[in-house]
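So the structure is just underneath, and the comments pick up after that.
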């Protein structure tokens with residue numbers, strides 16, 4: 001099993017009031033940007049990735065957002081290229097490149113191939129459509145988002161595997177000559193994982209392409225439902241899905257003192273409303289971006305919301321419900337923080353406490369790859385690094401023992417799609433619903 005570290009790389013030079021008064025992170029005027037602070041933050045987050053390798057993580061993951069102090073990773077391939085040279089062992093996992101926002105898949109194919117070459121085959125690509133705000137920030141038409149995503153992905157795979165030169169004429173992309181003189185180290189292409197949040201369309205696409213699916217948080221049961229949907233679609237092709245087909249993200253913070261861990265994590269994950277205040281609903285869900293079914297699922301998820309989506313925020317934007325005050329917003333975010341801990345979306349405490357919670361997640365969802373998300377907000381370098389050390393030295397050994405007992409293989413140990421279902425038999429379970437029911441019974445009420 002693979003254990004990976006990820007951070008949003010927050011810009012740590014703002015107050016909560018600036019974010020709440022603006023109404024969200026996305027689009028906050030960059031007049032508040034301080035280059036010295038940002039320089040410190042970029043280098044600190046690179047140092048964290050190096051520390052992760054030293055304390056035993058298997059991979060360091062990067063994501064990308066634009067026009068937003070919530071995440072400084074505006075060009076994740078630059079960060080990945082730096083880490084390709086700074087590190088020696090960890091996988092560099094990208095979750096991922098928003099193909100429609102780039103709008104130049106040939107250039108993207110070359111950038112990723114260079115990262116794979118510099119790292120000597122440690123790249124794991126991740127393909128994403130990019131959230132609604134990325135369409136605004138890059139002047140991309142959200143109505144064509146899925147079309148551009150799928151065409152761009154298929155073009156990149158061709159650019160890596162089809163000898164050039166050749167000409168390409170597509171619906172959204174056109175090239176007079178395709179002949180990249182930088183190709184991936186890993187053959188035929190680097191491994192990939194597809195992030196998504198309760199989107200059956202994205203899950204279906206991952207199945208169709210044979211890629212593992214990475215659940216971006218959420219409570220146990222909705223994740224189990226999505227895993228079963230994936231496994232059923234996989235089984236319709238005669239294939240048995242296993243841990244190698246699934247990844248999962250949890251928010252995490254560890255300190256020697258459990259009460260201090262709770263305080264720092266609350267301040268960090270709740271800062272400015274957390275990821276539930278990532279963007280206003282009209283930016284997260286621009287016209288044409290999501291299917292009506294996907295919007296309905298996102299709006300009813302029992303948590304603080306994903307990238308600014310929850311029922312209350314949608315009501316504010318669509319039917320004129322009175323917007324909450326700053327104090328009310330902060331109080332609602334803290335309620336979400338407690339709920340997410342109950343749902344095991346967020347693991348906070350001492351190393352011993354977090355290890356036990358993590359074991360439950362592994363038993364219930366059986367992922368082959370786990371991504372541990374660091375706090376948002378203005379948490380200090382010292383506290384962030386201390387948490388990484390404690391996870392690596394005390395939590396990961398316990399988690400690895402549990403993963404071995406459960407037989408959790410990752411996509412690098414067993415190729416997804418390599419196990420067929422014997423004729424006349426049903427697929428094996430991919431999640432433990434009894435374990436989920438038993439845990440959920442402990443938090444009812």
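Specify which of the listed residues (414, 389, 427) is surrounded by 12 or more Cβ atoms within 10 Å (Cβ to Cβ) and not in a loop (DSSP other than H, G, I, E, B).
Exactly one residue qualifies, and that residue is 389.
Got at least one residue in the stretch 332-352 being part of a strand (DSSP E or B), modelled with pLDDT of 65 or more and on the phi > 0 side of the Ramachandran plot?
yes
Being part of a helix (DSSP H, G or I) and under 16 Å from residue 251 (Cα atoms) is the filter; apply it to the stretch 365-386 and report the residue that is nearest to the chain's Cα centre (by Cα). If you could, list the steps in order and put the result at the bottom.
Filtering the stretch 365-386 down to residues part of a helix (DSSP H, G or I) leaves 365, 381-386.
Among the residues that remain, those that are also under 16 Å from residue 251 (Cα atoms) are: 365, 383-386.
Values: 365: 16, 383: 22, 384: 19, 385: 21, 386: 23 Å.
Restricting to residues being part of a helix (DSSP H, G or I) and under 16 Å from residue 251 (Cα atoms), the top hit is 365.
When you check residue 13 against the structure, is it on the phi > 0 side of the Ramachandran plot, outside any strand (DSSP E or B) and either touching a residue at least 12 places away in the same chain (Cβ under 8 Å) or touching a strand residue (DSSP E or B) at 6+ places or on another chain (Cβ under 8 Å) (or both), yes or no?
Here the answer is no, as residue 13 does not meet what is asked.
Testing residue 198 on (1) under 14 Å from the mean Cα position of the chain (by Cα); (2) at pLDDT 95 or above, one condition comes back false. Which one is that?
(2)
Name the one entry in 232, 208, 257 that is out of contact with any helix residue (DSSP H, G or I) (no Cβ under 6 Å at 6 or more places or on another chain), closer than 30 Å to residue 14 by Cβ, surrounded by fewer than 16 Cβ atoms within 10 Å (Cβ to Cβ) and modelled with pLDDT of 95 or more.
257
Determine, yes or no, whether residue 100 is farther than 24 Å from residue 45 by Cα, surrounded by 24 or more Cβ atoms within 10 Å (Cβ to Cβ) and at pLDDT 95 or above.
No, not satisfied.
Given the options 184, 188, 212, name the one that is farther than 22 Å from residue 443 by Cα, touching a strand residue (DSSP E or B) at 6+ places or on another chain (Cβ under 6 Å) and in contact (Cβ under 8 Å) with a residue 12 or more places away in the chain.
Exactly one residue qualifies, and that residue is 212.
Pick out the one residue from 217, 247 that is on the phi > 0 side of the Ramachandran plot, touching a strand residue (DSSP E or B) at 6+ places or on another chain (Cβ under 9 Å) and touching a residue at least 60 places away in the same chain (Cβ under 8 Å).
None of the other options fit; the residue is 217.
Might you check whether a residue that is at pLDDT 95 or above, surrounded by fewer than 18 Cβ atoms within 10 Å (Cβ to Cβ) and more than 23 Å from the chain's Cα centre (by Cα) occurs anywhere in the stretch 146-155?
Scanning the stretch 146-155 turns up no residue that is at pLDDT 95 or above, surrounded by fewer than 18 Cβ atoms within 10 Å (Cβ to Cβ) and more than 23 Å from the chain's Cα centre (by Cα).
Restricting the stretch 19-46 to residues that are in contact (Cβ under 8 Å) with a residue 60 or more places away in the chain and part of a helix (DSSP H, G or I), which is surrounded by the fewest Cβ atoms within 10 Å (Cβ to Cβ)?
So in the stretch 19-46, the residues in contact (Cβ under 8 Å) with a residue 60 or more places away in the chain come out as 19-21, 23-27, 44.
Applying the additional criterion that residues be part of a helix (DSSP H, G or I) yields 19-21, 44.
On the way: 19: 22, 20: 19, 21: 10, 44: 16.
Among them, the one singled out is 21.
Please determine whether any residue of the stretch 115-129 is touching a residue at least 60 places away in the same chain (Cβ under 8 Å), out of contact with any strand residue (DSSP E or B) (no Cβ under 6 Å at 6 or more places or on another chain) and assigned to a helix (DSSP H, G or I).
yes
Among the numbered criteria (1) farther than 30 Å from residue 15 by Cβ; (2) more than 21 Å from the chain's Cα centre (by Cα); (3) surrounded by fewer than 17 Cβ atoms within 10 Å (Cβ to Cβ), which single criterion is violated by residue 432?
(3)
Name the residues in the stretch 136-169 that are touching a strand residue (DSSP E or B) at 6+ places or on another chain (Cβ under 7 Å) and outside any helix (DSSP H, G or I), would you?
164, 165, 166, 167, 168
Take the residues of the stretch 86-97 that are buried (at least 24 other Cβ atoms within 10 Å of the Cβ) and free of Cβ contacts under 8 Å to residues at least 40 places away in the same chain: which is farthest from residue 71 (Cα to Cα)?
92
Working carefully through the options 51, 83, find the one that is under 19 Å from the mean Cα position of the chain (by Cα), farther than 25 Å from residue 140 by Cβ, in contact (Cβ under 8 Å) with a residue 12 or more places away in the chain and assigned to a helix (DSSP H, G or I).
Answer to the check: 83.
So which residues in the stretch 142-174 are in contact with a helix residue (DSSP H, G or I) (Cβ under 8 Å, 6 or more places away or on another chain) and under 22 Å from residue 197 (Cβ atoms), if there are any at all?
Residues satisfying the conditions are 142, 144, 145, 146, 148, 149, 150, 152, 153.
Can you say whether residue 362 is assigned to a helix (DSSP H, G or I), within 18 Å of the chain's Cα centre (by Cα) and touching a residue at least 12 places away in the same chain (Cβ under 8 Å), as far as the supplied structure shows?
yes
The values are calculated or read from the model by the stated rules, or taken from the named source; none is laboratory data. Owing to the predicted nature of the structure, the values given are computational and were not obtained by experimental measurement. Please note: Cβ atoms are built from the backbone with ideal geometry, for glycine as well, and neighbour counts cover all protein chains shown.
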